[in-house]
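Data first, discussion second: the structure below is written as structure tokens.
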Amino acid sequence: MKPVVLVTRKLPDAVEDRLRRDYSPMLNPNDALYTPEQIIERAQGADAILPCHTEKFGAEVIARLPERVRVIANFSVGYDHVDTAAAKARGLIVTNTPEVLSDATAELTLMLMLGAARRASEGERLVRTRAWKDWSPSFMVGTQLTGKRLGILGFGRVGRVVAQRARGFDMQIHYNDVQRLPPELEQGAVFHPTPAELMPHCDFLALHCVASPQTIKLLNAALIARLPDGAIVVNASRGVVVDDDALIAALKSGKLSAAGLDVYNNEPDIHPGYRELPNAFLMPHIGSATKETRIAMGFRALDNLDAVFAGKEPRDRVA
Ligand code: DGY
């Protein structure tokens with residue numbers, strides 16, 4: 001008997017083909033967003049769940065999953081949507097999909113930097129609404145990336161790929177993480193022991209830290225005040241890392257010249273203030289949204305499932 005896998009969202013064809021080959025999947029062809037009640041209901045009879053970050057597994061949901069469910073194999077690198085302590089306490093295995101989305105997310109981060117610095121939202125709106133009337137030396141003037149200082153808060157896999165790509169723009173890399181990395185990973189990047197010490201060195205600041213109790217609202221008014229005037233902030237990690245009111249105030253006052261955001265608190269019902277800001281370049285959480293990466297994420301989640309059902313330790317176990 002093949003293990004039964006509850007798959008909460010529509011996945012790429014290649015991933016669903018592999019699921020059908022090796023498992024008895026309960027697929028979601030219409031890509032409906034399940035409520036917690038629907039997940040609990042559908043999980044009856046499942047041996048595993050393959051969810052995305054759009055499904056929340058708080059302690060209450062985990063407690064109501066049938067005993068038969070052995071593993072939550074996430075189709076995501078972030079796993080802040082799962083209460084890992086509750087999963088551990090119940091003996092439920094939880095896995096994620098690291099590494100395979102670092103390139104796509106780093107590319108998106110560079111796009112956020114360029115889009116914010118070169119006023120891409122404003123420019124596109126002008127063209128689409130026929131409001132573009134003229135060219136002049138003072139028209140749509142933005143900021144150049146080349147030669148600037150890029151501060152990276154969280155120098156993990158994604159942060160380091162961003163650094164690598166940004167070196168192509170001759171950017172000087174500064175970073176903060178919980179500890180200094182070895183030289184082969186730093187590649188010349190300058191370590192700052194605290195986020196506060198990193199801030200004055202950031203013409204651009206890219207957030208790449210994981211969501212945790214320590215990083216909630218990490219980018220607050222006090223930290224923003226330490227950035228150089230006119231700095232640009234981008235976020236492709238998790239929305240909770242930002243204090244929205246503080247960021248919006250700094251974008252309004254001109255303390256920050258622009259921001260590029262792909263992730264938000266309370267997605268998709270984001271803080272309405274962002275929509276009013278001409279200097280915010282806004283994307284709808286698409287960091288990993290490339291054909292190549294979405295297939296790789298699915299295969300990585302399946303590799304983890306395969307290991308669990310073969311009685312082995314899954315490579316990406318987080319609980
Ligand atoms: C991730 O993998 O964490 C991305 O944010 C998509 O869920």
Original post:
Put Val241, Val210, Val161 in order of accessible area, largest first, 1.4 Å probe: what do you get?
Top reply: Val210, Val161, Val241
**OP:** Rank these residues by their accessible area, most exposed first, probe 1.4 Å: Arg9, Arg294, Arg70.
**Re:** Arg70, Arg294, Arg9
Original post:
Which value, in Å² rounded to 10, gives the accessible area of Glu122 with a 1.4 Å probe and all protein chains present?
Top reply: 40 Å²
**OP:** Note the angle between two axes, namely the Cα long axis of helix 157-167 and the longest principal axis of the Cα atoms of the chain, as a number of degrees from 0 to 90, rounded to the nearest 10.
**Re:** 30 degrees
**OP:** Apply the Karplus parameterisation 6.51 cos²θ - 1.76 cosθ + 1.60, with θ equal to phi minus 60°, to every residue of the stretch 302-319 and state each ³J(HN,Hα) to the nearest whole Hz, in sequence, with x for glycine and proline.
**Re:** 5, 4, 5, 4, 4, 4, 4, 7, 8, x, 10, 6, x, 4, 10, 6, 10, 7
Original post:
For Glu292, what accessible area in Å² do you get when you roll a 1.4 Å probe over the heavy atoms of the protein chains, rounding to the nearest 10?
Top reply: 130 Å²
Subject >> Whole-angstrom Cα spans of the stretch 1-157 along principal axes, big to small >> reply: 69, 35, 30
Original post:
What do you get for Rg/Rh of the stretch 1-44 when both radii come from the Cα atoms and Rh is the Kirkwood radius?
Top reply: 0.98
Original post:
To the nearest 20 debye, what is the magnitude of the charge dipole of the chain about its Cα centre, counting +1 on the Cβ of each Lys and Arg and -1 on the Cβ of each Asp and Glu?
Top reply: 260 debye
**OP:** Take the alpha carbon atoms of the stretch 221-291, find their radius of gyration, then divide it by 2.2 N^0.38 Å using N residues; give the quotient.
**Re:** 1.07
Subject >> Cα-based Kirkwood hydrodynamic radius, the stretch 14-68, one decimal, Å >> reply: 12.3 Å
**OP:** State the volume of the convex hull built on the alpha-carbon positions of the stretch 33-99, expressed per residue in Å³ and rounded to an integer.
**Re:** 74 Å³
Original post:
Between Gln187 and Glu122, what length comes free when the chain is fully extended (0.36 nm per residue of separation minus the Cα-Cα distance, one decimal in nm)?
Top reply: 19.9 nm
Original post:
How big is the accessible area of Phe139 in square angstrom, nearest 10, if you roll a 1.4 angstrom probe over the protein chains?
Top reply: 80 Å²
**OP:** Determine the alpha carbon to alpha carbon distance for each of Lys88/Lys312; Lys10/Lys56; Lys2/Lys56; Lys252/Lys291; Lys148/Lys291; Lys56/Lys255 and list only those over 28 Å.
**Re:** Lys252/Lys291; Lys148/Lys291; Lys56/Lys255
**OP:** Could you give the spread of the C-alpha atoms of the stretch 102-282 along their three principal axes, from largest to smallest, in whole angstroms?
**Re:** 52, 34, 29
Subject >> Accessible area expressed per residue, the stretch 1-143, with surrounding protein chains retained (probe 1.4 Å, Å²) >> reply: 51 Å²
**OP:** For a quick protection proxy, order the peptides 276-285, 78-87 by their average other-Cβ count within 10 Å, most packed first.
**Re:** 78-87, 276-285
Subject >> the chain - Kirkwood radius from inverse mean 1/r over Cα pairs (Å) >> reply: 21.0 Å
Original post:
With every protein chain kept in the model, how would you rank Thr35, Thr97, Thr129 by accessible area, 1.4 Å probe, largest at the top?
Top reply: Thr129, Thr35, Thr97
Original post:
Ordered by packing density, taken as the mean number of other Cβ atoms within 10 Å over each peptide's residues, highest first, how do 100-107, 130-137 rank?
Top reply: 100-107, 130-137
Subject >> Cα-only radius of gyration and Dmax that characterise the stretch 145-201, units Å >> reply: 10.2, 28
Subject >> Shape call, the stretch 93-173: gyration tensor on alpha carbons, a/c limit 1.5 >> reply: oblate
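The values are calculated or read from the model by the stated rules, or taken from the named source; none is laboratory data. Note that the coordinates shown come from a computational prediction; the quantities given were computed from them, not determined experimentally. Cβ sites come from the backbone with ideal geometry, for glycine too, and all protein chains shown count toward neighbours. Side chains included, ligands, DNA and RNA excluded: accessible areas come from the protein's heavy atoms. Shrake-Rupley method; radii C 1.70, N 1.55, O 1.52, S 1.80 Å.
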